[in-house]
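Everything below concerns the one structure shown next.
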Amino acid sequence: IVFQGEGCRTVPLSGHVGFDSLPDQLVNKSVNHGFCFNILCVGETGLGKSTLMDTLFNTKFEGDPASHSQPGVQLKSSTYDLQESNVNLKLTIVSTVGFGDQINKEDCYKPIIEFIDAQFEAYLQEELKIKRVLHNYHDTRIHACLYFIAPTGHSLKSLDLVTMKKLDSKVNIIPIIAKSDAISKSELTKFKIKITSELVSNGVQIYQFPTDDESVAEINGTMNAHLPFAVIGSTEELKIGNKMTKARQYPWGTVQVENEAHCDFVKLREMLIRVNMEDLREQTHTRHYELYRRCKLEEMGFKDTDPDSKPFSLQETYEAKRNEFLGELQKKEEAMRQMFVQRVKEKEAELKEAEKELHEKFDRLKKLHQDEKKKLEDKKKSLDDEVNAFKQRKTAAELLQSQAQQAGGSQTLKRDKERKK
C-alpha cells in the first residue's frame, strides 16, 4: 500500500503491522468486562411473561405470580448474573405488575414512562458528573420492550395501542402474541395481519430488525415480515421421540416450544438474543437516550448554536444561564423585599389601628368606670342621708319614749300617795 499526496513522502508498507488484531482486542476487552442487557415485559397479568423469560434464558428466575387485585401499576426490577461459555451477562428483567387490572386503565402507561425516564435521567446525571465512572456504571436503561398481546384473535385493545404509542419514542418495542396456542393457525395469521395494520394506521413505531449489515440483512428482513411473533413459553420438559424438549401437554396433543411449525419462540430467541442484542443496546443509546438527553438539555436552556448560527460553547451557555438565573434570582429577591416592606407597612397600620381601637376602648371603659363610680358615690350619699335621718328619728323616738316613761312614773307615784291618804 502506497499513500501519495502533494508535499508528502512515499512510505511503502512492506510488512505485517498488526492492527488487524484490533477486533480481537475489542472482543477480549468486552468479554472480560462483561455485558448487560435490560428487558421490559409489558402486558396484562396472566399472559405468561415470567414463564417466557424463564424459557428464553433456560433458567428458573425467582418471583411469585402476581395477583389481579393490584391498586395500580408497579414496576418490579430483578437483576441476574448469567454465564454462557466464557461470556458473562448481567440481565435485568422489569415486569409491569398489575398492568391492565384496574377498572380505569387510563393512566396505566404513566408508571412505565416514568420508570424508563428515570433510568435515562440516572445515566444522564452520571454523564454530567465531573468524575465519571461510566466504565463501571451499571446501565439500567431499557434495551428491549417485549409487549405481550392477549391472543383474542380479533384486534388490539385500546390500552395496547395507547401504551405502545406512548412508548415507541422511548424504547425498542417488539410486539409478541402471548399464549398463541389459544387460537387456531388460520386465526393467528389473520390476527397478525390485523395487528400490523392497526400499528401502521395508528403510527406506532415498533422495532425493526436492522438490514444494513449484509451478514444479517437477509435473516432480519425475513423476520421483520413475521412480526409480531406468536410465542409459547414452558419450563416443562417432555420426551418427544428420543430427546427431551420444552413442551406443553394438552389432552388433544403436545405443543413443542422450540418447534417453528408450532410457534415463533425460536425466531424470537434468535432475533432478540443471538442476532440483534447488540443492535438493541446501540439503538437505545444512539436513538432513544439521545432524544431524551437532547430534550432535557434544551429544557435546561443549552443549545448548539446562537441565533446567528454560530456555535455555542458550553462555558458561554453556562455563563449565560447563570447570569440569567442570577438576574431572575435578584428580581425575585427584590420582589420579596418589596412584598416584605409592604407587609410590614400593612402590619404597622393594622397595629396602629388596633392600638387606636384599644385606646378608644380604654377611654370608654374609663368613662364607664367613672360614671359607675359617680353613681355609687351618689347612692352612698343617699344611703348616708337615709341613715342619718333614721338615727335622728330613732333618737327622737327614744326621747319621746323616755319622756312618756317619766310621765307615767310620776302619775303612779301620785296615785300611790292618794291611796295612802
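Quick notes
- Scope region 68-91; condition open to solvent by less than 50 Å² (accessible area, probe 1.4 Å) and farther than 17 Å from Glu114 by Cβ; matching residues: Ser78, Tyr80, Leu82, Leu89, Leu91
- Inside region 210-247, residues that are under 21 Å from Gly153 (Cα atoms) and surrounded by fewer than 18 Cβ atoms within 10 Å (Cβ to Cβ) make up a count of 3.
- Taken together, the criteria exclude Thr152 from residues that are out of contact with any His (no Cβ under 8 Å at 6 or more places or on another chain), among the hydroxyl-bearing types (Ser, Thr, Tyr) and assigned to a helix (DSSP H, G or I).
- Per-region count, region 20-55, residues open to solvent by 60 Å² or more (accessible area, probe 1.4 Å) and touching a Leu at 6+ places or on another chain (Cβ under 8 Å): 1
- Hits in region 163-198 - residues which are in contact (Cβ under 8 Å) with a residue 60 or more places away in the chain and assigned to a helix (DSSP H, G or I): Thr163, Leu167, Ser180, Asp181
- Qualifying residue in region 114-132 (condition: open to solvent by less than 20 Å² (accessible area, probe 1.4 Å) and either at positive phi or of a type in the set (Val, Ile, Thr) (or both)): yes
- Verdict on Lys131 being out of contact with any Gly (no Cβ under 9 Å at 6 or more places or on another chain) and farther than 30 Å from Tyr292 by Cα: no
- Scanning region 153-178 for residues that are within 17 Å of Asp101 (Cβ to Cβ) and surrounded by fewer than 23 Cβ atoms within 10 Å (Cβ to Cβ) returns Lys157, Ser158, Leu159, Val162.
The values are calculated or read from the model by the stated rules, or taken from the named source; none is laboratory data. Since the model is a prediction, treat every value here as computed from it, not as a measurement. Every residue, glycine among them, receives a Cβ derived from its backbone with ideal geometry; neighbour counts consider all protein chains shown. Surface areas here come from the heavy atoms of the whole protein model, side chains and all, with no ligands, DNA or RNA. Shrake-Rupley method; radii C 1.70, N 1.55, O 1.52, S 1.80 Å.
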